[in-house]
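The structure under discussion appears below in the form of structure tokens.
The values are calculated or read from the model by the stated rules, or taken from the named source; none is laboratory data. Keep in mind it's a predicted model, so treat the numbers as computed, not measured. Cβ atoms come from the backbone with ideal geometry, glycine included; neighbour counts cover every protein chain shown. The accessibility values were calculated without ligands, DNA or RNA, using every heavy atom of the protein model including side chains. Shrake-Rupley method; radii C 1.70, N 1.55, O 1.52, S 1.80 Å.
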Amino acid sequence: MSRRGGLPLAVLLAGLVLPAVGAGPAQAATPSFDVKSLVKPAAAPRAPDARLAAELAQLAPQRPGHPDLFVLGFAGDGSEQVFRNEVTYLRDLAARRLDAAGRVVVLANHPDAPPARPLPEANLHTLRQALAGIAARMDPDEDLLLAYFTTHGTDTHELLVRRDGERDRLLTPARLREALDAAGIRHRVLVISACYSGGFAKALHDPDTLLLMAARRDRPSFGCGNDSAATFFGRAWLVEGLNTTTDFDAAFVQATAAIEARELAEGLEPSRPQINRGERIGARLAAWRAAFTPGPALPYPFALEAPASGRVDAGTEPAEPTPSRRPADTRPTP
């Protein structure tokens, strides 16, 4: 994820500098670093996170005969409020509009700041714990998971996990796939809002998965930074798209057009959001949408810039869109 205007992301990792993410056309690249230097031997198993365990214990169970949506938000970089903004909004939107009240878990690495509700940490350990806890409430044949990851991404296709006072970590596509498979969650909608997130396609491809990625594997995405209320993709898909339709695929079509228009207007290199549709996930998503009536649109509680002409404001409830085109389905390369 890159700041608006293509400002560089300088991330210090154990005294090393992460390559600039999302630099503008005239931005010189910063020195690279060896990702392997961040990899440590496997540590002893950690005790469950108590705060997260308490939240998982309160999850509503699935309803037999009713396809239920369970939702997981993961804000990886705790140094920028924009990522917490998006996952807390996802929590409220899913409860109000997507028939997921009581079935949402949010992880974030941001410091507790009353009166904001304290959130469990976001790391590989809590991710596995959250997925296992959600899976325990699900019917694997009937229910679905929507998992939304928002953070910075590297050009070698990892997600940054940063918490104040702790060493930075990287979440790889393979580890994310392992965590999902270990939990036994079959039907998945996975959203990766980060630079270079198209690099997750090969590892996460599955017949029962809809995978949405904010950028091509070799492109940055935009809109991070503490002066931003929402990333480009978060605003276009989560805030504007899902307040227009509960069809995640249709919201992606709308979001892609909005992002392309915004990047063109601001002179940014196109991020080229990517989609990977599993062969079987469409039928399960259709069954879920048919089982409930969407709730009202939810205004975004953080100040946004005025939308470009033709964009849909959050908080309105226009008719369901009829996409004029479907973005190419990105199949993983062998």
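Observations
- Shown here for the stretch 147-192: GluC sites (Glu not before Pro) in loop regions (DSSP other than H, G, I, E, B) with at most 16 other Cβ atoms within 10 Å, namely 166.
- Put a plus charge on the Cβ of each Lys and Arg, a minus charge on the Cβ of each Asp and Glu, and nothing anywhere else: the dipole of the stretch 127-228 about its Cα centre is then about 280 debye.
- Ordered from largest to smallest accessible area (heavy atoms of protein chains, 1.4 Å probe), the residues 247, 208 come out as 247, 208.
- Assuming charge only on the beta carbon of Lys and Arg (+1) and of Asp and Glu (-1), the dipole of the stretch 179-318 about its Cα centre is about 440 debye to the nearest 20.
- Taking a ≥ b ≥ c as the square roots of the eigenvalues of the Cα gyration tensor, an a/c ratio of 1.5 or more together with a/b no larger than b/c marks the stretch 161-281 as oblate.
- Exposure check, 1.4 Å probe, all protein chains in place: residue 268 carries approximately 20 Å² of accessible surface.
- Of the GluC sites (Glu not before Pro) in the stretch 230-300, those whose Cβ has at most 16 other Cβ within 10 Å and which sit in DSSP loop: 266, 279
- Taking all protein chains as they are arranged and a probe of 1.4 Å, the heavy atoms of residue 149 leave approximately 10 Å² accessible to solvent.
- For the stretch 189-229 versus the stretch 135-174, the gap between their alpha-carbon centres in whole angstrom: 11 Å
- Per residue, the accessible area of the stretch 184-304 comes to 31 Å² when a 1.4 Å probe rolls over the protein heavy atoms.
- The trypsin sites (Lys or Arg not before Pro) found in the stretch 216-299 that occupy coil by DSSP, while having at most 15 further C-beta atoms within 10 Å, are 280.
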